[in-house]
Each structure stands twice: as C-alpha cells, then as structure tokens.
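Worksheet for the structure shown next.
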Amino acid sequence: MIRIEISCAHANEPHARDVKAPCDSLRNRSIAVDVMGTFDKAKVEAEQMARDRGWVPWIIPAIGRRKMFICGNCAKRARGEI
C-alpha cells in the first residue's frame, strides 16, 4: 500500500494564519490518499483529489520553480483576490 499526503506549500508563510481565510493545512485538512498499486497510480489519484477539493498546482520559485499544490485560500491570496 502506498500513502501520499499533500500539504499546502504556503502553510509556513505568515499570511497563512489569516483569520478570515486560513490555510487548509493549518486546519488539519491536508490531503491523504491510500492506494494499492504503483506509485504512478497513487500520484494520479492524489492529484485528482487535490483538484476536486479546489487545490491548485503552483510554481514555487524558492525550490527551483517546481510545481506544488496550494490550497484554495492560499491560491486566492496569491492571485490577489483576498
């Protein structure tokens, strides 16, 4: 069995503790997927679950411009909607 856990990449940022729109990872709403099979299948299911919950793949320049998932509230904050 393979278990993949996804936490928001912006959870460590100071603005993630905003009272009106807190980060999902700080409210214990990270994503966890248990899959019987290959790692590729587990990765696809984890990404699908993240998108279903409104999480967005975001480019993080601090770690070499890799795409990581951020929660919906952090995505709105990063786009300037909050």
Pairs, first on the phi < 0 side of the Ramachandran plot and part of a helix (DSSP H, G or I) in region 23-40, second surrounded by 10 or more Cβ atoms within 10 Å (Cβ to Cβ) and among the aliphatic types (A, V, I, L, M), C-beta under 7 Å, six or more apart: SER25/ALA11; LEU26/ALA11; LEU26/ALA16; PHE39/ILE2
Per-region count, region 27-53, residues within 12 Å of the chain's Cα centre (by Cα) and either of a type in the set (Val, Ile, Thr) or within 15 Å of ARG77 (Cα to Cα) (or both): 1
Leading residue by the ranking (surrounded by the fewest Cβ atoms within 10 Å (Cβ to Cβ)) among those in region 1-45 that are among the β-branched types (Val, Ile, Thr) and farther than 18 Å from PHE69 by Cα: VAL19
Residue list for region 57-82, filter: among the aliphatic types (A, V, I, L, M) and buried (at least 17 other Cβ atoms within 10 Å of the Cβ): ILE70, ALA75
Identity of the residue in region 48-60, β-branched (Val, Ile, Thr) and at pLDDT below 90, that ends up nearest to ASN12 (Cα to Cα): ILE60
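Residue-wise test of (1) modelled with pLDDT of 85 or more; (2) acidic (Asp, Glu); (3) out of contact with any Pro (no Cβ under 8 Å at 6 or more places or on another chain).
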| site | (1), (2), (3) |
| --- | --- |
| MET1 | yes, no, yes |
| GLU5 | yes, yes, yes |
| CYS8 | yes, no, yes |
| LEU26 | no, no, yes |
| ALA46 | yes, no, yes |
| ARG66 | no, no, yes |
| CYS71 | yes, no, yes |
| ALA78 | yes, no, yes |
| ILE82 | no, no, yes |
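The values are calculated or read from the model by the stated rules, or taken from the named source; none is laboratory data. The model shown is predicted, which means the values in this text are computed figures rather than measured ones. Positions of Cβ are backbone-derived with ideal geometry, glycine not excepted, and every protein chain shown enters the neighbour counts.
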